[in-house]
Each structure stands twice: as C-alpha cells, then as structure tokens.
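Worksheet for the structure shown next.
Please treat every number below as a calculation from the coordinates, not as lab data. This structure is a prediction, so every number in the text was calculated from the model and none was measured. Please note: Cβ atoms are built from the backbone with ideal geometry, for glycine as well, and neighbour counts cover all protein chains shown.
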Amino acid sequence: IERITDRMMHGYKILLSKILQLTAMPLQLRGLQLLQNRGAATRIGTNVLVYGAIIGLLGFLFTHLPQELLPQQDQSVILTFIKGPSTANLHFIEKYTKRLQNAYKKVPEYKSNMVINGWPQSNGGFSIMILSPQNQRKRTAMQIQQSLLPQLMGIPGVIAFPILPPALPGIGGSYPIEFVLNTTGSYQKLNHAMQKLETAARNSHLMFNIDTDLKFDNPQIEIDVNRNKAGILGINMAEISTALNTMIGEPTPSRFSMNGHSYDVIPQVYPQYRLNPNNLNDIYVRTRTNKLIPLANIIHISEKVGPRNLNHFQQLRSATLQASVKPGDLGKALTFLQQAANKLLPHNIHYDFAGMSRQYFTASHAMLITMLFAGIFIFLVLSAQFESFVDPFIILLFSVPLTFVGALLALKITKGTLNLYTYIGLTTLIGLISKHGILMVEFANQLQRQGKDAWTAIIEAASLRLRPILMTTASMVLGALPLAFASGAGAEPRQQIGWVIVGGMTIGTFFTLFIVPIAYTYLARKKPSAQNLDSSDEKRYGENVLS
C-alpha cells in the first residue's frame, strides 16, 4: 500500500506541475505585469473562462433540476378523494364508490381498503387502499398510483383521483399545490379570475386533478315573502317560518315521555312532497279570520345558483386553486402559476400560498439562508485561523462551487430532486470539501515561510497532502454509499442525500486537487520567510518553521 500511495503522489506531483506550467501565474510576473504580458493574460483569460463555465454549469443544474419540498415515499398506502355533483347525496356517492372498490381489487398488490362516504361534504368521499409490503411486490406505490389514475378518472359521474400521503404528516393538505387568490372585491369577480387561472393551469399540462374551492354551482331556492299582503291577511312571519320548516326542515316543537325515555316530536311531510320546490305552493297557512290560504298567495319562489363555500384567507375573500403534480414538478408548477397570475389577474386581486406550497417556499428560503450563513461562518473561522482574508477566499471560492457541481450532476443522473434532504447534503459538503483546501493552503503557507516560492510550495503541499485528502474523500464516499443504494421503507430521501455526498465529494475532490493550486499561484500573498520574521512573528510561527 505504501508503494502504491507513493507512486500516486509522485504521479500527481508530475501532473500538477505540468498543469501549473500551462495555467498558473509565472513566478517573475506580478500585478500589472500579468496584463502587460500577452502569454500571462491569455492564461488568465483561459482560467476565467473555465471557471466561469463551471459556475455556469452550476447555475444551469440548480435552475433546471426538479424541485419539491420532500421526495415522495412508498408508504404502502394510496389515498383516493371522490367528488360528485353539488347535488349528490350519500346514496349517489355510495353507488360510485363500489366501482372504486372494484378497480382496487384488480390491482395485484391490493391487500385491503376502506371507504368513508359523505366526507368532507355529502357530495364527496374518501378511500384508503392498503398495499402489500414492499418486499412482497415488484411495483412501487408511485407506479401503482400512476396506473390507477386513468382507471379512476374514467369512472363516470364523479371525479376520483388517487394520491400518495405526504412524506411528513401535518405539512399541508391533501394537495401539493394550494394557490390562493384573495381580494377585497366581490366573490363573482374572484371567481371570474380563478376561472382564467384554472384554464391556464389545465393548458400547461404541469398539473392534474385541478380543482377550486369557489364554485357557483350549488342550486339554491330563494323565497320572497310579500310582507304587505301577509300583514293584510293577518299572517305573521312566525307562522310562515313554521310552515316552511315543517316542509323542508326537521323541527322539534315538543317531546313526550314513554317508559322513562324522552322522545322528540318531529312533524314532517312525506319525502315525495319535498323533492319538488313547487310543492311549497301547496302549503296552507291560517289567516286572522281562521281561514286556510295557499302559501303561494304570499310568497314568490325563484331558483338560482350560488357558491358552495365562501372562504377567507388572511381576513380577505379568497379562492384556492388545488392540484396535484408529478414528482419533482412542484417548483416548476408554482413558478408557472406565479407568472400566469402576474399576467392574468387584475390589480386588485393578489395571490398567496397555503399548505404544502407555502411550506415549500418557506423551507427553500430557509435552507438557502442556512447555506449562506454556513459559508460565512466557515470563512470567518478560517480567516481567524490563517490571519488572512485571501486564503479562506481561495479555499471556499474554488472548492465549494466545484463540489456543488458534482452533487447536482449526481442528482441529475440518478433523477433526483432539490428538496430539504438534498439541501442538508449540500450544506454538509461545504464543511467537508473545505478541509481539502485547508490541508493544501496551510501547508503551502508553511513552506513559503521556510523560503520557498508559492509555485513550489503549493506543488509540494498538494502532493504531500494527497493521502489525507483521498482518505477523507474515501471514508465519506464509502460511508454514504449505503445511503445511496438504500432500499425498503423510507429509502427515497436516504438515496438522494447519499448521492449528493457521493457525487459532491468525488467530483469536488478531483477539481479541488487542481483548481485550488492554480488559484493559489494567482491570489496567495507571499509569506515572510523565517529570516525576515521579527521576534513576535518567530514566536508565533516557530512550530510551523521547525516542522
């Protein structure tokens, strides 16, 4: 093993020397002389272009990778929500949920199911299908859900759509997308704006199971009482209210006791007389002269359509667009809705986010701020250690972006997404990859103090520190491989954070071994040799000089 590592160090030293001859700053040139020398200026331009290309690749990967809050996990459960017409009742919903159960039983991985009719309203339902354990089936829950989608959406009369339960309970509602429109204006104008946005969402093909909680499709009956005529006839409003309540409600005017139990007295007409609104005209009320007259003489019945619910969000009238997306399309879909809202909505209607969509933006911004402060904290610690702002700048600027490129490339190849777990992995990489640059720059500074120039110092430092660098990388990569190849319950998030560390450390280490030495020859300041140190400096750096 010793011979192998020695040969590796020797070969790396030769390769690094050749690369520095082609790209590094000439020793005899400093400051403005670099720009005045044509060859040196060409080297600078080439290095800047290469590094700029790497940063451009980083930006491309960061913006084009799918983004979501959390990766979907196979929990061996598929949830299905059923929605019928606004006039549907329990008998109607029960009729169609039986078809839903028949579709379930055709799934080879089916184990059991349960159905709740009339939830959350009388025209809806909810179903849970339990799948076989993961080790007993070949397909994942995501694949089964996609195969069920066209079958359930093909059930006539209702809208039935299967979804997977959220990875973390309590982070939002049933839909990953909850895009809220709010205004101080009327619900009619809000509904008109929502219809435009809903049409744009359907045409985008980024979302499915699109629905809104503001719909003017609920049939209503409006009864207008002619108060003047009722007053002339001596009919008060209480009598009219009692007559209508007996017809369409369940009043409890009194109770009676029998065998020690109390029972309600509920007067009610037969169901066949309550199904047609025109039957209200057949109700009779008693006048002041004790005569019965038809209720139709003093009321006017009209039918209209109204909203099911009138919702508010942050104390404003609101409507929420709800939709499902494919794994990794959450960020793209929300960006599309933002752009469509800015284009289609009037100035007095604003948009906001709720549920999982709100958590997505909150968590993403929080993780970006965490990564930023992690870099600043490491920079300040290294500045105190090196007593310089230049050396930490070399370490971080020319190592962290490179390892991010490797991590995002690994996610791209393995079809991963940017989520909370991958952000945690990226934050971890900032500290891990910085160690490589610290090993090289610290030892190169010591060699400069012993009288060697920056070029020779960084070559020797990089070659001598190659073994601990590779050992650190190998230990982290081998430790993360079980995560990258994890299987079973909860494997999806572990796989993604594992590939971030494996790709970031592998590719980042390769780039760091060559780009950090090149940057050191350009940016590192010349360190005073041992002969030029005063008594205080000699005492400070004594141990390094003796080493």
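Structural remarks
- Computed from the C-beta positions of N259 and N102 and an R0 of 45 Å, the FRET efficiency is 0.45 to the nearest 0.05.
- Given charges at beta-carbon only (K, R positive; D, E negative), |dipole| of the range 84-188 in Debye: 540
- Unit charges on C-beta of K, R, D, E only; dipole of the range 169-275, Debye: 200
- Working note: 222 nm ellipticity from helices only, DSSP H runs with n ≥ 4, each -39,500 (n - 2.57), summed and divided by the residues of the chain, gives -18000 deg cm²/dmol to the nearest 500.
- For the chain, the longest principal axis of the alpha carbon atoms and the long axis of helix 420-449 meet at an angle near 10°.
- Sequentially through the range 310-317, phi angles give Karplus couplings (6.51, -1.76, 1.60; θ = phi - 60°) of 10, 9, 10, 9, 6, 6, 10, 5 Hz, Gly and Pro residues having no value and appearing as x.
- Farthest towards the positive end of the charge dipole of the chain, among the residues P150, F313, V516, is the Cα of P150, using unit charges on the Cβ of Lys, Arg, Asp and Glu.
- Label assignment, Cα Rg over 2.2 N^0.38 Å derived from the structure, set (1) 0.93; (2) 1.50; (3) 0.97: (2)
- Cα-centre dipole for the chain with unit charges at Cβ (Lys and Arg positive, Asp and Glu negative), debye to 20: 860
- When you restrict to C-alpha pairs under 8 Å that are six or more residues apart and normalise by the size of the range 218-286, the relative contact order lands at 30 percent.
- When peptides 456-463, 48-55 are ranked by their average number of other Cβ atoms within 10 Å per residue, the highest-first order is 456-463, 48-55.
- Compactness of the range 337-446 is given as radius of gyration and Dmax, 19.2, 65 Å, from Cα positions.
- Short-range pairs are left out: with C-alpha atoms under 8 Å and at least six residues apart, the relative contact order of the range 221-368 is 22 percent.
- Taking amide H positions as modeled 1.01 Å from N, with prolines and chain starts lacking one, the residues under 5 Å from I299 and 5 or more places away or on another chain are N226.
- Among the listed pairs K196/K304; K111/K138; K105/K138, those whose Cα-Cα separation exceeds 19 Å are K196/K304.
- Folded to 0 to 90 degrees: helix 187-204 orientation relative to the chain principal axis, Cα: 50
- Here the contact order of the chain, divided by its residue count and restricted to Cα pairs under 8 Å and six or more residues apart, works out to 19 percent.
- Calculated FRET value between M142 and L22, using beta carbons and R₀ = 56 Å, to 0.05: 0.70
- Close amide H contacts of T212 (hydrogens built in the peptide plane, cut-off under 5 Å, sequence separation of 5 or more or a different chain): Q322.
- Using θ = phi - 60° in the Karplus curve 6.51 cos²θ - 1.76 cosθ + 1.60, the 3J(HN,Hα) couplings for the range 496-506 round to 5, 5, x, 5, 4, 5, 5, x, x, 5, 5 Hz; x is entered for Gly and Pro.
- Per-residue extension of 0.36 nm, minus the Cα-Cα distance of D282 and I248, leaves a gain of 11.0 nm for this segment.
- Toward the positive end of the charge dipole of the range 257-306, with +1 on the Cβ of Lys and Arg and -1 on the Cβ of Asp and Glu, the farthest Cα among Q268, N297, L280 is that of N297.
- Between 0 and 90°, nearest 10: helix 90-105 axis offset from the chain longest Cα axis: 40
- For the listed peptides 415-425, 371-381, 208-218, a ranking on the average number of other beta carbons within 10 Å per residue, highest first, reads 415-425, 208-218, 371-381.
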